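Encoded as structure tokens, the structure appears first; notes follow it.
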Amino acid sequence: MTQTTGTLYGVGVGPGDPELLTVKAFRLMQSSPVIAYPNKRMGGKSYALEIVEQYVNPAEKTMLGLVFPMTKDEDALRAAWQKTVDAVYEHLAGGRDVVFVTEGDPMLYSTFIHMARLMQQTHPEVQVVSVPGISSVNAAANRLGAPLADGDEAVAIIPARADMDAMRDALLHHDCVVFLKVAKVLDEMIGLLDELGLTEKAAVCTKVTSASERVWHDVRALKGASLNYLTLLVVRK
């Protein structure tokens, strides 16, 4: 008898507050024998794992920490990604479901997107299912009381980068813009907001909804500050 492979679930566990986990995410984490999660190479606990541990006992599961390298070397990336896929497939091939947890939503700038794509390319027999979660974008809008879009308004979700012409274009052509991972270019973004007269329309959130959440409505006060990687900027005209 041919053994059926397990299912790979990409499960969004929300932006930080454990109570923002969906009922479906909870059920899958409870029933799956294997929980895979992004792991920090230099120690410290995964942000997603901190949420998961509120709901499952790691001693009762196979906890699969996966390291994703921070490098632009294509060969190194390819080898590392294949290693993570192989590690997950080992369990799937044995007929065990794997829940890959990711902060926010698995289909919005998530590590799971590449994992799912490579798994389907390498092992097309594996069923891949994505389970939506609440993203930091939605969480920040609600935390700030700033609607992302209303009526015919246009909203943009932009990974912040040093190309200020592109950042300016996004601000000029949308009613609301959420800039993700903004810490690395925060000073430049504050300068751009001043230039466009939008500084009073902006707010910054770090680790929104979590116990470590920080919110700033006076973005000028952040000039020169060093903020966490999980920091976003919301500009609502």
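Some points to look at:
- When residues of the stretch 74-86 are limited to those that are touching a residue at least 24 places away in the same chain (Cβ under 8 Å) and out of contact with any strand residue (DSSP E or B) (no Cβ under 6 Å at 6 or more places or on another chain), the one farthest from Gly133 (Cα to Cα): Gln82
- Filter result for Thr71 (out of contact with any strand residue (DSSP E or B) (no Cβ under 7 Å at 6 or more places or on another chain), at pLDDT below 95, among the β-branched types (Val, Ile, Thr) and more than 26 Å from Lys207 (Cβ to Cβ)): no
- Selection count, the stretch 209-237, where residues are in a loop (DSSP other than H, G, I, E, B) and either at pLDDT 95 or above or out of contact with any Ser or Thr (no Cβ under 6 Å at 6 or more places or on another chain) (or both): 15
- Criterion violated by Tyr109 - all others in (1) within 30 Å of Lys237 (Cα to Cα); (2) among the aromatic types (Phe, Trp, Tyr); (3) open to solvent by less than 40 Å² (accessible area, probe 1.4 Å) satisfied: (3)
- The residue that is farthest from the chain's Cα centre (by Cα), among those in the stretch 27-54 that are modelled with pLDDT of 95 or more and either under 20 Å from Leu108 (Cβ atoms) or open to solvent by less than 70 Å² (accessible area, probe 1.4 Å) (or both), is Pro33.
- Test: residue in the stretch 215-227 that is surrounded by fewer than 17 Cβ atoms within 10 Å (Cβ to Cβ) and β-branched (Val, Ile, Thr): yes
- Residue in the stretch 22-36 that is farther than 20 Å from Ser130 by Cβ and charged (D, E, K, R) present: no
- Only one entry in Gly191, Gly151, Gly145 is out of contact with any strand residue (DSSP E or B) (no Cβ under 9 Å at 6 or more places or on another chain), surrounded by fewer than 18 Cβ atoms within 10 Å (Cβ to Cβ), free of Cβ contacts under 8 Å to residues at least 40 places away in the same chain and within 30 Å of Val101 (Cα to Cα), namely Gly145.
The values are calculated or read from the model by the stated rules, or taken from the named source; none is laboratory data. This structure is a prediction, so every number in the text was calculated from the model and none was measured. We place every Cβ from the backbone using ideal geometry, glycine too, and count neighbours over all the protein chains shown. Heads up: the accessible areas ignore ligands, DNA and RNA and are worked out on the full protein's heavy atoms, side chains in. Shrake-Rupley method; radii C 1.70, N 1.55, O 1.52, S 1.80 Å.
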